[in-house]
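As structure tokens, the structure follows; a few thoughts come after it.
Derivation of every value follows stated rules applied to the coordinates shown; laboratory data play no part. The shown structure was predicted, so the numbers you read here are calculated from the model rather than taken from an experiment. Reconstructed Cβ throughout: ideal geometry from the backbone, glycine too, with neighbour counts over all protein chains shown.
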Amino acid sequence: MALSDQAVLSLSPGFRFQWEPAQQTHVLLFPEGMVKLNASAAEIIRRCDGSRTLGAIIDELGHSFTGDTVEDDARSFVERAYERGWICEARAA
Amino acid sequence: MSEDGFAKPAPPKPLWLLAELTYACPLQCPYCSNPADFDHYRDHLTTEEWERVLVQARTLGAAQLGFSGGEPLIRRDLETLVARARALGYYTNLITSGWALDEARLGALKEAGLDHIQLSFQGPQQQLNDRMAGAAVFEQKLAVARLVKRFGYPMVLNFVLYRENIDRVAEFLDLAVELGADYVELANTQYYGWALLNRDRLLPTRQQLERAELVANEYRRRLAGRMKVYYVVPDYYEDRPKACSNGWGNFFLLVAPDGTALPCHAARVIPGLVFPNVRQANLSWIWKESPAFNRFRGFDWMREPCRSCPERFKDFGGCRCQAYLLAGDAADTDPVCSLAPRHGLVLEAIRRATAATGVEAAVSDTGLIFRNVHNSRRLTAPLERSPLGR
């Protein structure tokens, strides 16, 4: 299951990422489902746009957020999102 | 809540809007969740009225939108409504039997921004499917499934399970694999509307259910990562009730073809509640203020054993319609719950249905009441309003 840093990530087919004004939160919408995303999860999902590698996403987050665990937290979120089928590998870089 | 020192939870939002565009349907499934008296509600909302509903619900927070029915494809303005919904930011789901959906129509829906299509089957092969649907539609469904795939949609198949097809779950799942489905819902019939009228002939036995679940689990393991398999058990065989609609007026908002706003598919059967109509009132008032949407909202309406039950936050006391339909009182504990004073009614229903399985499968559709205008008129309100099981 482990994704390599070279994996280019995108949202899975049928998934949509958007801001919900009524809930004041970002969400992922998919067939008959919706998940609310916290701020850091939203920053990761926003970058899964078919143009960035996992490594690049982690790098960018390191610049936007401070803290010792940013990288580990991001990796574990990406793994979970991948296992749940929210995001997929667009292609190998 | 407030007496514990906690802030009151945020007011609920209707995140899921189900737009039942019409009660018209070319199929006649005897387990249909539409009310048995659907033929009484003929004055369907216009395109402009639906557009107003979409705007108002979106403002309240609705994000998932199902276009359902009846058969929603019967509405010629479906593309217009999909386009409007998409522009408002909804995730748009089409819940269809696949009837008459061809390449041109699907192209137009895709163009309008439709996000997803859920296609239902009545059986895993033509003979049973078409007999239960009351129409020759199986081949058409296969063609639609291929089209859905070709247009790049995620494929969601819904297989409704009942006594006569539940032993064929493996065939259903093989069909799903062959068609390249991404999600499969094996949805046991829930006993409301037409399904309740036909309960003795539709409810599977416990042994059938257990076998089907084993098969579903085996496929789920085998297909992990390729196809998601959901198995919805019929609540009659559970010890605890389902969290019906995630709580009354908590999450789910249904607008019926005639504009009646409902907290669930079946709520119209409950006597003494006046459900508001979007023609007379704005959805904000309907959702937040109307007496009907507040009647069973939250926990204050509950009696024992629900009132002090730690599980009430999880199941919300089960289903109000089922409490009425089975026990004759919508404020009762859902009789499905083994702690309910009237739980015996569910056991009796199972006993009766199981006794009826002695009837040969070959003649098991004898006596099924198919969902059509003729039967709706024949049965009309009185039957739907008199609770079964009493």
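Let me know the Rg and Dmax you get for the stretch B:164-269 when you use only its Cα atoms, in Å.
Both quantities, over Cα of the stretch B:164-269: 16.1, 45 Å.
Lysines within cross-link reach of B:Lys141: Cα-Cα under 27 Å, excluding same-chain residues under 8 positions apart?
Leaving aside lysines fewer than 8 places away in the same chain, those within reach of B:Lys141 are B:Lys110, B:Lys149, B:Lys228.
Please compute the average number of Cβ atoms from other chains found within 10 Å of each residue's Cβ in peptide A:14-21. Please report the intermediate quantities before stating the final value.
Details: counts 10, 3, 5, 0, 3, 1, 7, 4.
Counting Cβ atoms of other protein chains within 10 Å of each residue's Cβ and averaging gives 4.
With chain B treated as a Gaussian network of Cα nodes joined by springs under 10 Å, which of B:Leu45, B:Leu273, B:Leu109 yields the largest mean-square fluctuation?
Checking each option, the largest mean-square fluctuation is seen for B:Leu273.
Given the options B:Pro276, B:Pro335, B:Pro263, state which has the largest fluctuation in a GNM of chain B using a 10 Å cut-off (strictly under) for Cα springs.
B:Pro276
Contour minus end-to-end for B:Trp301 and B:Arg211, with contour as 0.36 nm per residue of separation and end-to-end as the Cα-Cα distance?
My answer for the length gained is 28.6 nm.
Among the lysines, which fall within straight-line cross-link reach of B:Lys288, defined as a Cα-Cα distance under 29 Å, with same-chain neighbours fewer than 8 residues apart omitted?
A:Lys36, B:Lys8, B:Lys13, B:Lys242, B:Lys314
Stokes-Einstein at 37 °C, 0.692 mPa s, Kirkwood radius from Cα pairs: D for the stretch B:232-339 in µm² s⁻¹?
Taking Rh from Cα pairs, D becomes 232 µm²/s.
What list of whole percents do you get for P(r) of the stretch B:101-141, with Cα-Cα distances grouped in 5 Å bins up to the one holding the largest distance?
For the stretch B:101-141, the pair-distance distribution reads 6, 22, 23, 15, 15, 15, 6.
Taking each residue in A:25-32, count the Cβ atoms of any other chain within 10 Å of its Cβ, then average. What number comes out?
Values: counts 0, 0, 4, 1, 9, 6, 14, 13.
Per residue, the average neighbour count from other chains is 6.
Ranking A:Trp86, B:Trp50, A:Trp19 by Cβ neighbours within 10 Å, fewest first, what do you get?
Least to most surrounded, the residues fall as A:Trp19, A:Trp86, B:Trp50.
Per residue of B:11-24, count partner chain C-beta atoms within 10 Å of its C-beta, then hand back the mean as an integer.
1
Let's test the formula: R0 of 45 Å, r as the Cβ-Cβ distance of A:Asp68 and B:Ala224. What FRET efficiency results, to the nearest 0.05?
Once the sixth-power term is evaluated, E becomes 0.85.
Write down Rg/Rh for the stretch A:8-89, rounded to two decimals, with Rg from the C-alpha atoms and Rh from the Kirkwood relation over Cα pairs.
0.95
How long is chain B along each principal axis, judged by its Cα atoms, biggest number first, in Å?
57, 53, 46 Å, listed from the longest principal axis down.
Taking the Cα centre of the protein assembly as shown as the origin and placing charges on Cβ (Lys, Arg +1; Asp, Glu -1), which of B:Ala62, B:Gly225, B:Cys29 is farthest toward the positive end of the dipole?
Most positive-ward Cα: B:Cys29.
Taking the Cα centre of the stretch A:8-89 as the origin and placing charges on Cβ (Lys, Arg +1; Asp, Glu -1), which of A:Ala74, A:Ser51, A:Pro13 is farthest toward the positive end of the dipole?
With unit charges placed on the Cβ atoms, the residue in question is A:Pro13.
Diagonalise the Cα gyration tensor of the stretch B:115-193 and give the resulting equivalent ellipsoid semi-axes, square root of 5 times each eigenvalue, largest first, whole Å.
Equivalent ellipsoid of the stretch B:115-193: 20, 14, 12 Å, largest first.
Using unit Cβ charges (K, R positive; D, E negative) and no other charged atoms, how large, in debye to the nearest 20, is the dipole of the stretch A:8-89 about its Cα centre? Walk me through the numbers on the way to the answer.
Values: 8 positive and 13 negative charges, 62 e Å.
Here the stretch A:8-89 has a charge dipole of around 300 debye.
Count charges around A:Ala2 for me, please; just the other residues with Cβ under 11 Å from its Cβ, Lys/Arg as +1, Asp/Glu as -1. Kindly include the intermediate steps, with their values, before the conclusion.
Working: positive: A:Arg75; negative: A:Asp5, A:Glu79, A:Glu83.
Value of the local net charge: -2.
Let me know the whole percent of all Cα-Cα pairs from the stretch B:1-116 that are separated by more than 19 Å.
Value for the stretch B:1-116 (Cα pairs over 19 Å): 51 percent.
Go ahead and set up a Gaussian network model of chain B, Cα springs under 10 Å, then flag whichever of B:Leu147, B:Leu203, B:Leu253 fluctuates most.
B:Leu147
For a Förster distance of 41 Å, can you work out the FRET efficiency between the beta-carbons of B:Val233 and B:Glu178, rounded to the nearest 0.05? Could you put the intermediate results ahead of the total?
Values: r = 26 Å, r/R0 = 0.62.
For R0 = 41 Å, the calculated efficiency reads 0.95.
With +1 on each Lys and Arg Cβ and -1 on each Asp and Glu Cβ, and nothing else charged, work out how big the dipole of the protein assembly as shown is about its Cα centre, in Debye to the nearest 20.
Once rounded to the nearest 20, the dipole reads 820 debye.
Projected area of the protein assembly as shown, taken from the Cα convex hull and averaged over every viewing direction, in nm²?
With every direction weighted equally, the projected area is 23.9 nm².
Taking only DSSP H segments of four or more residues, each worth -39500 (n - 2.57), what value at 222 nm results for the protein assembly as shown once the sum is divided by all its residues, to the nearest 500 deg cm²/dmol?
Helix contribution divided over all residues of the protein assembly as shown: -10000 deg cm²/dmol.
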